[in-house]
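Q: Please find one structure pasted underneath; my questions will follow.
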Amino acid sequence: MKPFAYQRPDSVAEAVRMNAERPDARFLGGGTNLVDLMKLGVESPGLLIDVSGLPLDQVTATDEGGLRIGATVRNSDLAAHRAVRDRYPVLSQALLAGASGQLRNAATTGGNLLQRTRCPYFQDTSKPCNKRTPGTGCPAREGVHRDLAVLGHSEDCVATHPSDMAVALAALDATVHLHGPEGERAVPVTELHRLPGDDPGRDTVLRPGELITEVVLPPAPGGSASLYRKARDRASYAFALASVAAVLTVRDGRVQQASLAFGGLAHRPWRARAAEDVLRGAPATEETFARAADAELAAARPLRDNGFKVTLARRLTVGALKELTARAG
Amino acid sequence: MDTTPAKDERDAGRLTPADDRSTFTLHINGTAQTLTLDHRTTVLDALREHLGLTGAKKGCDHGQCGACTVLVDGRRANSCLLLAVAQQGSRITTVEGLAEGDRLHPLQEAFLERDALQCGYCTPGQICSAVGMIAESADGFPSHATPQEALADDGPVALGPDEIRERMSGNLCRCGAYPRIVEAIEDVAP
Ligand SMILES: Cc1cc2nc3c(=O)[nH]c(=O)nc-3n(C[C@H](O)[C@H](O)[C@H](O)COP(=O)(O)OP(=O)(O)OC[C@H]3O[C@@H](n4cnc5c(N)ncnc54)[C@H](O)[C@@H]3O)c2cc1C
Ligand code: SF4
Ligand code: FES
Ligand code: FES
């Protein structure tokens, strides 16, 4: 690991100013991803700006009836929060399906969104990787890619975004609030992460030096139910092979509103708008759910060893929607 | 981990010698410890290499095994991923700090009673994790194994074997002592 300086700013403004002065700086949240990558030599910041103590650790109600989640709220606290459990169970469940008790206690909302891919080549500095070192190639495409993307990948990169939380936030239409050297702005979480295209080095649309300050959830749609389903190689403490976050409103046997997002399939949480179009207004039956999943997954381009993810995602989707429909009674 | 700043880093003017280390106080097992440490030092390395507290173990050094689990302000965390410099002001408890004098912590007793270990390498992490886990459940924190109905409830979560296994999944045991570990924790869990 390279040596680095360490600063603990007292305010958002100070954190942003410190970062603007140092192109080699990184913000430090819980450190569960960044410190790991520094040990591996993938990240080598000259300055760590510790934002974990900033006063962004609250979950509060918005005037519109939604929820404002500070960027330093720990994953375990967010999962346990009363309002999240009651109104956004999909978010609670996604958080609790991720990592371990220890890691969730340290991990922050901001850091979770910006965690990097678990692609084994990205994490190994002795290997080429377009995301880590642009222009060196993508060995995963022909190599070990069982865990990697089936949707939205490019010739240059087939990595997946590993976060469970972000998948739930995508289905919930959350907005990410940013504070940077050029001021403040808000980005829908579905547009925060990029597809790799020919520039896989950039995971997100974040501009240099921008700090995530909060994530805002709109009010949960009236009468909706939501859940998160995740398939993984072991029962706990493993990243998603495929996952689905679903928010569904069923009335008189018909789908009124549906929002769906997939995890583990793409370079970003994959909002399944084609599936939603099939669902909206259709009878809430297994046949509809399968048709919806197929409409979305028709775009899948599996690699040699990860075609199983398409079947998995289809089954997770149908299972989740059936369960939500059963609950709606 | 190499904690000697590379000479070329210094020469490149990127860092001055004063920038890459700090003097600060850590509160470990109720004792304030003032140390001057390279910023790269993790809590795990500070404990083991600088404070002679070798209870917390280094298994993977990447957050994947739980052998390094300690309590930070009563909450469990992987000390291999915590930078020591970022823990000024927090109270850290290691397995060495759980007993009261000669009286072992009930979980330590239960692990002995149930013979919940083979090589013992994972045990300090298992025990610290279990202490934190029982407190989380008492505080009503749900888990992936908590039934949907119970999510509506704010009270303590009952700790049956399924809850214990799920909540302890961040602690691996290469020897596979899991059945006894679950029993030992069940003995102590309310
Ligand atoms: C063994 C293991 C298993 C895991 N399993 C899962 C899993 O199953 N599912 C899952 O979803 N995750 C999993 N994780 C990942 C874990 O959820 C992330 O490491 C964690 O959420 C990152 O949060 P952090 O606060 O520690 O981020 P950090 O490591 O502190 O930061 C991550 C990145 O975000 C940046 N950053 C942090 N905060 C901000 C901010 N406010 N504004 C701008 N930039 C910021 C940092 O500069 C860094 O680039 C696992 C991790 C490990 C080690
Ligand atoms: S998939 Fe992306 S992250 Fe993995 S080796 Fe290819 S370029 Fe690198
Ligand atoms: S040594 Fe920290 S989790 Fe393995
Ligand atoms: S007792 Fe040997 S690793 Fe658990």
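Q: Net charge near B:A184, counting Lys/Arg +1 and Asp/Glu -1 over other residues with Cβ under 12 Å of its Cβ? Each step should come with its number before you reach the end.
A: Working: positive: B:R114, B:R180; negative: B:E109, B:E113, B:D115, B:E183, B:E186, B:D187.
So the surrounding residues net to -4.
Q: Rounded if a/c is under 1.5, else prolate if a/b beats b/c, else oblate: with a ≥ b ≥ c from the C-alpha gyration tensor eigenvalues square-rooted, which is the stretch B:106-188?
A: Working: a/c = 2.37, a/b = 1.98, b/c = 1.20.
Note, shape of the stretch B:106-188 comes out prolate.
Q: Using a Förster distance of 41 Å, how high is the FRET efficiency between B:T34 and A:A238, based on the Cβ-Cβ distance and rounded to 0.05? Walk me through the intermediate numbers first.
A: Working: r = 40 Å, r/R0 = 0.98.
According to the calculation, E is roughly 0.55.
Q: State, to one decimal in nm², a quarter of the convex hull surface area for the C-alpha atoms of chain B, i.e. the direction-averaged projected area.
A: On the way: hull surface 50.0 nm².
Mean shadow area of the hull around the Cα atoms is 12.5 nm².
Q: Two decimals is fine: what is log10 I(q)/I(0) at q = 0.08 Å⁻¹ for the protein assembly as shown, from a Debye sum with one equal scatterer on every Cα and no solvent?
A: Log10 of I(q)/I(0), two decimals: -0.51.
Q: Counting only other residues whose beta carbon sits under 11 Å from that of A:L192, what net charge do I get with K and R as +1, D and E as -1?
A: Surrounding charge for A:L192 is -1.
Q: Within chain A, which complete DSSP H helices have Cα atoms spanning at least 20 Å along the helix axis and a mean Kyte-Doolittle hydropathy of 1.6 or higher?
A: Details: long enough: A:308-328 (30 Å, 0.30).
Qualifying helices, which must be both long enough and hydrophobic enough, do not occur.
Q: Something else: Given R₀ = 30 Å, what would the calculated FRET efficiency be for B:A138 paired with B:H50, taking r from the Cβ atoms and rounding to 0.05?
A: Working: r = 33 Å, r/R0 = 1.11.
The computed FRET efficiency comes out at 0.35.
Q: Name the residue, out of B:G176, B:G55, B:G74, whose mean-square fluctuation peaks in a Gaussian network model built on chain B with Cα pairs under 10 Å.
A: The residue with the greatest mean-square fluctuation here is B:G176.
Q: Give, rounded to the nearest 20 debye, the magnitude of the charge dipole that the protein assembly as shown has about its Cα centre when Lys and Arg contribute +1 at Cβ and Asp and Glu contribute -1 at Cβ.
A: Numbers: 58 positive and 65 negative charges, 227 e Å.
The calculated dipole for the protein assembly as shown is roughly 1100 debye.
Q: I would also like to ask the following. Which of rounded, prolate or oblate describes the stretch A:188-235 when judged by the alpha-carbon gyration tensor and an a/c cut-off of 1.5? Can you show the working numbers first?
A: Values: a/c = 2.45, a/b = 1.33, b/c = 1.84.
It is oblate, given that a/c is not under 1.5 and a/b is not larger than b/c.
Q: What does the average come to when, for each residue of peptide A:233-242, you count the partner chain Cβ atoms lying within 10 Å of its Cβ? Before the final figure, lay out the partial values.
A: On the way: counts 0, 1, 6, 9, 10, 1, 0, 0, 0, 0.
Mean partner-chain Cβ count within 10 Å for A:233-242: 3.
Q: For the stretch B:7-96, what's the radius of gyration and Dmax over Cα atoms, in angstrom?
A: 13.8, 42
Q: Quickly work out the A:D305-to-A:E323 label distance, labels modelled 7 Å from Cα along the C-beta direction, and quote it in nm with one decimal.
A: 2.9
Q: Further, regarding this structure: Using alpha-carbon pairs under 8 Å, 6+ residues apart, how would you state the relative contact order of the stretch B:7-96 in percent?
A: Numbers: 154 pairs, mean separation 28.4, N = 90.
The value is 32 percent.
Q: Net charge within 12 Å of B:R165 by Cβ-Cβ distance, Lys/Arg positive one each and Asp/Glu negative one each, not counting B:R165 itself? If you can, show how the numbers build up before the last one.
A: Working: positive: A:R234, B:R167; negative: B:D162, B:E163, B:E166, B:E183, B:E186.
Charge balance in the 12 Å sphere: -3.
Q: Set the Förster distance to 45 Å, then compute FRET efficiency between A:A20 and A:A282 from the Cβ-Cβ distance, nearest 0.05. Present the calculation step by step, with values, prior to reporting the outcome.
A: Values: r = 50 Å, r/R0 = 1.11.
The calculated FRET efficiency here is 0.35.
Q: Would you give the gap between the C-alpha center of the stretch B:84-99 and the C-alpha center of the stretch A:24-60, rounded to a whole Å?
A: That distance is 20 Å.
Q: Sticking with this one: Where a Cα-Cα gap under 17 Å defines reach, which lysines qualify for A:K322, not counting those fewer than 8 residues away within the same chain?
A: A:K322 reaches A:K230.
Q: Could you give the semi-axes, largest first, of the ellipsoid that matches the stretch A:226-328, computed as the square roots of 5 times the alpha carbon gyration tensor eigenvalues and rounded to whole Å? Provide the component values of the computation, followed by the final result.
A: Details: eigenvalues 107, 44, 23 Å².
That gives 23, 15, 11 Å for the three semi-axes.
Q: Nearest 20 debye, what's the magnitude of the dipole of the stretch A:244-309 about its Cα centre given +1 on Lys and Arg Cβ and -1 on Asp and Glu Cβ? Can you show the working numbers first?
A: Values: 10 positive and 8 negative charges, 55 e Å.
Dipole of the stretch A:244-309, to the nearest 20 debye: 260 debye.
Q: Within 10 Å, count the other beta carbons around each residue, average over each peptide in A:221-232, A:123-134, and list them highest first. Each step should come with its number before you reach the end.
A: Numbers: A:221-232: 19.7, A:123-134: 17.2.
Per-residue Cβ counts within 10 Å, averaged per peptide and sorted highest first, yield A:221-232, A:123-134.
Read-outs throughout are calculated quantities, based only on the coordinates presented, and are distinct from any laboratory measurement. In this text the structure is predicted, and so the values were computed from the model without any measurement. Neighbour counts run over all protein chains shown; Cβ positions are idealised from the backbone, glycine included.
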